[in-house]
1. How shielded is A:304-316 by partner chains, expressed as the average number of their Cβ atoms within 10 Å of its Cβ atoms?
2. Rounded to two decimals, what is the ratio between the C-alpha radius of gyration of region A:280-321 and 2.2 N^0.38 Å?
3. How long are the semi-axes of the equivalent ellipsoid of region A:57-170, defined as square roots of 5 times the Cα gyration tensor eigenvalues? Whole Å, largest first.
4. Among A:132-143, A:76-87, B:165-176, what's the highest-first ranking by average C-beta atoms within 10 angstrom per residue?
5. Give, as a single signed number, the net charge of other residues whose beta carbon lies under 14 Å from the beta carbon of A:G281, with Lys and Arg counted +1 and Asp and Glu -1.
6. Using a 10 Å cut-off on Cβ to Cβ distances, tally the other chain neighbours for every residue of A:165-176 and report the average as a whole number.
7. If packing is taken as the average number of other Cβ atoms within 10 Å across a peptide's residues, how do B:108-120, B:131-143 rank, most packed first?
8. Which order, highest average first, do A:118-130, B:25-37 follow once you tally other Cβ atoms within 10 Å for each residue and take the mean per peptide?
Amino acid sequence: MKKGKEFEGNKNKRVFIFIFLLLIGVIAFGYFTGFFGKITVLVTKNLGINITIGVPFINEVMNGTATMSLAQAPLSTSREINFTVYNVAGTQFLNDSTAKINITLIGGVGEVVRNQTGACTRYNSSANYATYTCNMTMWWFDGSGYWNISASILDNNSNAAYNSSTTLFVGATTGFEMSPVNLTWPGMGAGSINQTSDNDPMNLTNIGNQLVGNASGTSNISINATDLKGETNNLFMLYAENFSVWTATGGSPPIECDGGSAGNLSKNMFANTTSAVLPKGNYTIGDINTGREQLWYCLRIAGADLPSQAYSTLNMTPWTIKIY
Amino acid sequence: MKNANKMMVRKGILAGLIALICISSISAFAVSSDYWGGHSLQLNPGETKEFSLTLQNLVGTSDLRVKALVTSGSAVLKLVDSSNVYVVPAGEKKNVNLIATIPINSKPGQAYNVKIDFSEVRESSSGEFGFGTAIGQNFDIITMLPPEQEPTGVNKNLMLFIIIGIALIVITILILKKTKKRKPHKKVGSHKKRKR
């Protein structure tokens, strides 16, 4: 009986040790094979799934994020956006005329929401799935960044399906139009002062979607000037430093001759025109401030010793207006 | 005599400038980019990325010649096309190909400001006071934070397994000790019982 008890105690002990050794073995195995890495990462997620029989559901918009860039003004840029609708009751109950896309610039202040009623058509359809393609038109002044795409449709019972999980990336377009590209002056004599151009203002128009400069005086519009050399005798010239520019005209002497916002322009150096700003926008509305800037030029002094000849940029590089 | 000379100058300059009136026109081109001030290109240390900017001459009536130049950040950004003068036909676009490389020893968050200037190549004719246009494209290339390193996860797991292993060994030893202590006690008790 005692022997039996001892035997039973030893047996328990052995079983106990065996179990512990087995545990250590299993843990070691788990570590070295990465087995635990596969089974110990437990992720709990709360998934909210609303399933209502018979209500349409937009399960895909465009296959993820798309990228595009806008054409320069005054052109528009079209983009096809597709979305797929699932309807358990059948696609014949979807109201095609209500298929719609809205796009909104994320974080965009003062940006237009782009939507076009009737721009979507069903081009593919099965028993329960229907795919719509929508032609979205954007304009040169639409902001750069991520645009949120909202797709929606109603069924014949006015049950709505809505999806806004996809974005459209629109790149930056920077550019401007300049007119005229040559300036002229009326006849003047040697020693003349404060002579203004007779074909300005030079009109600058923002043809992209980037603001150039800002109202606080950071212009980002600069001018690189060169001397206007005599075409017959290039030892004589109208010096770049004797020209000035301003964003307005009028007064006596003319305001553009009074140092100007670019001060005395410098030869072969970009001088910032501090008061010039080129906001982006739909300049075709005719508002002088929307997407436009005007520059007025003055020759402050023509040297008294200048001989009679034509002075031009023929023998020098043309002046350059740069935006950045 | 002085007056006569002055008239000569006046007539001469006038003649030169009158020629300008006939040749005024419009200049317009644009540059498209996926990166701009406030939307930077992000790369890992040592990473290289090829990308392009697009020159647009979509509304022009004549071909456009544009010279591209990296004026800032040339250590990390280079033009890769054979020529840096691009001819953009009227009504078309043209890509300008670039390659950006972040140094391997670049610190996370380090920003490299890059600037590419696109200048219209234009020559003046006799009598012209001509102007050209230029566009500066400016953005940052930023070094990204490195991805979470694998060794850190391994070390965490290793520590966990060592702790569990040690705990199991300690528990085993304690249990063994307890059972050993009990053994002789039971045997003595059984002898006493026999004597009685």
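1. That average works out to 6.
2. Working it through for region A:280-321, the quotient is 1.91.
3. Computed over region A:57-170, the values are 27, 13, 12 Å.
4. My ranking of the peptides, most packed first, is A:132-143, A:76-87, B:165-176.
5. Charge balance near A:G281 sits at -3.
6. Going residue by residue through A:165-176 and averaging, the value is 5.
7. B:131-143, B:108-120
8. The most tightly packed comes first, giving B:25-37, A:118-130.
Readers should treat all values here as calculations from the given coordinates under stated rules, not as data from a laboratory. Just so it is clear, the model here is predicted, and its values are computed rather than measured. Heads up, the Cβs are rebuilt from the backbone with ideal geometry, glycines too, and the neighbour counts pull from every protein chain shown.
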